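Chemist: Take this structure first; my questions come after.
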Amino acid sequence: MFFVFSISVLDADNIPRSKLHRYTPVVFFAFTIITVISPFTGFMFYVDNGFHTGPMYYLLYACSAAYAWFALLAVHLHRKELTPHKIISIVAIQVILLVGNYVRFLFPNWLVMNTFSLMAIIVVFLSFLNPDLYMSDHGYVYNLPAFKALVAECVRRRRPCRILGFVLQNYNEHREIFGGAQMDEALTSINKYLADTFPQMSSFYLRNGFFALVGQNLPDLEDIREKLRMRFSFPWKSGSNGELRMTVSFVEADTEILDCPADRLVNALFLSMDELGRVSEPDSTCSLTDSIEQITERLEIRRCLEHALDHDELEVFLQPIMDTATGKRIAAEALVRLRDGQGKIIRPDLFITLAEREGYITRLGEQVLAKVCRFIRDNDMDTLGVQWINVNLSPVQFMAQDIPERFAEVLREYGVRTEQIHLEITEQSMIDFSLLREQITGLHSSGFEFALDDYGSGYSNLTRVRQYPFTNIKIDMEVVRNYFQDRDPLLPSLVQAFKKMCLSITAEGIETEEMAEAMTEIGCDYLQGFYFSRPVPMPEFVAM
Ligand code: C2E
Ligand code: MG
Ligand code: MG
């Protein structure tokens, strides 16, 4: 029974469990038969004027020890998928049983095996069946680990279950405004309401204002939704006299219809709820199938990215930057490209954020820089009319303390001068934090020039711009486009202000001759955009 229990909590039964399952019962049945026929054969025991052990009696110890070892073997086989918590608990149970077994073997007259079994049961209880492990911190309902376990089980056993997720909109903003304590009390009231109102379902509070109701063979989720909608039109009590009013949005899922692994389903649910929580319209819905697709796509992009990084297969395209004074090319911007399995290009905005979030960006940035440096080494920059190349830098790259040294080393390796590389950082990434400023200053003092990318796309803060050693401001293409539509005099005066600060200006996203003229007129020094050229592969850039 301990063995069966241990195997069942492994939760990894799709893989080699089948083998363990096939062979382990053999031992059990063999011993059952030997024991049952013992009164006739005397193998295990026999009775005459009392109970006597038979010649095979000691094999019982071997059998019981074998099951403990089988369980340990199973843990070993699945160690990668198991949480440390599960590993420790199952190992502890088996070790207790093995010790008990051994003690009993050495001192057969002390009937202590039950004591050891009880100890193992206590471990089982504390580590797996203890309700605290699965209850929400806010009481009444279950928590996220419980939700994951339930969904995993439904998917594995192909047991249909329906999930109704709902999310408190703008949860984080509410939490900031009303404070943690009041919010927590409101959550407790919601939990209590769910537990009281829907006893036929399992209710969960997952995190960040995400809730879920799970049930099997539910008649109609619409009723439940209606009830929730009604209840949420009234405020929730929070604190001794506070009241909190919140709106909710819903996501529905059906494990049977959505034929996908449990963890992907849970992630997709979170992704949908994240999105729903941020839209301001209450009671909106969001398709889980879309989220699953998005997650599947993300996994695919990650695979391509890993492959490209390992095989140095990232491509770098170049887009010319024109000088308005001469009308000629003066520089270029390096833009990274990733290809999927079919050779189709994946957009940088899709994989750059992923690379930032999953820790690939430092390697990506270094490979791009190395390729740009190699290009500069292998080509005659004067003939190409390129005085420098702009390389985009993600703020996450600054987390590596030694970035100035590493960049300097790449440049040294290819014999490239720092003036030949300008680094672009986006306005959105200019969060106020000291490491960023320190690193930028470090790179600047070793000779790199800095450009502020996508100016006007975020919270433009002129004071902050002045605190950094920029030499160039790149006006975001959206701003350029807007100016072209309404000729708002703000942009020309902004350009003049920057010029007074001795900053040069680049206008991005120039798509037509008129745009180029208008931007030159208001004083931009450099222009970049499809009108001159799209970003092109390096050989094509040279040919052009
Ligand atoms: P960005 O640095 O602002 O790059 C300019 C983007 O505008 C490029 O998109 C370029 O193809 C596009 N563009 C240029 N001219 C025009 C035009 O006339 N019309 C329109 N509609 N678009 C134009 P891309 O290559 O898709 O890159 C997107 C963003 O990805 C870049 O924006 C940059 O922030 C990031 N990125 C690209 N390469 C790298 C890299 O190596 N490292 C890092 N950290 N980020 C990169
Ligand atoms: Mg850029
Ligand atoms: Mg830009």
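Chemist: What number of residues in the stretch 78-90 are modelled with pLDDT of 85 or more and open to solvent by 50 Å² or more (accessible area, probe 1.4 Å)?
Modeler: Total meeting the criteria: 4.
Chemist: If you don't mind, another one. Could you say which residue among Glu540, Glu511, Glu438, Glu449 is in contact with a Gly (Cβ under 6 Å, 6 or more places away or on another chain) and open to solvent by 20 Å² or more (accessible area, probe 1.4 Å)?
Modeler: Result: Glu511 is the single residue among Glu540, Glu511, Glu438, Glu449 that is in contact with a Gly (Cβ under 6 Å, 6 or more places away or on another chain) and open to solvent by 20 Å² or more (accessible area, probe 1.4 Å).
Chemist: Now for a separate question. What residue, of Leu443, Leu423, Leu436, Leu411, is modelled with pLDDT under 90 and either in contact with a helix residue (DSSP H, G or I) (Cβ under 8 Å, 6 or more places away or on another chain) or within 16 Å of ligand 3 (Cβ to nearest atom) (or both)? Don't jump to the end; show me each part of the working.
Modeler: Numbers: Leu443 fails: modelled with pLDDT under 90; Leu423 fails: modelled with pLDDT under 90; Leu411 fails: modelled with pLDDT under 90.
Exactly one of Leu443, Leu423, Leu436, Leu411 is modelled with pLDDT under 90 and either in contact with a helix residue (DSSP H, G or I) (Cβ under 8 Å, 6 or more places away or on another chain) or within 16 Å of ligand 3 (Cβ to nearest atom) (or both), namely Leu436.
Chemist: Is it the case, given these coordinates, that Ala325 is within 30 Å of Glu517 (Cα to Cα), aliphatic (A, V, I, L, M) and within 16 Å of ligand 3 (Cβ to nearest atom)?
Modeler: no
Chemist: If you don't mind, another one. Can you tell me which residues in the stretch 273-306 are of a type in the set (Val, Ile, Thr) and either within 14 Å of the chain's Cα centre (by Cα) or within 13 Å of Phe166 (Cβ to Cβ) (or both)?
Modeler: Filtering the stretch 273-306 for residues of a type in the set (Val, Ile, Thr) gives 279, 285, 289, 292, 295-296, 301.
Across the stretch 273-306, the qualifying residues are Thr285, Ile292, Ile295, Thr296, Ile301.
Chemist: Could you check Trp110 against (1) surrounded by 15 or more Cβ atoms within 10 Å (Cβ to Cβ); (2) part of a loop (DSSP other than H, G, I, E, B) and say which number it fails?
Modeler: (1)
Chemist: In the stretch 152-193, what residues are of a type in the set (A, V, I, L, M, F, W, C), open to solvent by less than 40 Å² (accessible area, probe 1.4 Å) and more than 27 Å from the chain's Cα centre (by Cα)?
Modeler: Ala186, Ile190
Chemist: Can you go through Phe70, Phe105 and tell me which one is in a helix (DSSP H, G or I) and surrounded by fewer than 17 Cβ atoms within 10 Å (Cβ to Cβ)? Full working, then the answer.
Modeler: Details: Phe70 fails: surrounded by fewer than 17 Cβ atoms within 10 Å (Cβ to Cβ).
Exactly one residue qualifies, and that residue is Phe105.
The values are calculated or read from the model by the stated rules, or taken from the named source; none is laboratory data. Since the structure is predicted, the reported quantities are computational estimates derived from the model, not experimental observations. Note that we place each Cβ from the backbone using ideal geometry, even for glycine, and neighbour counts take in every protein chain shown. Quick note on the areas: whole protein, heavy atoms, side chains included, nothing else; ligands and nucleic acids left out. Shrake-Rupley method; radii C 1.70, N 1.55, O 1.52, S 1.80 Å.
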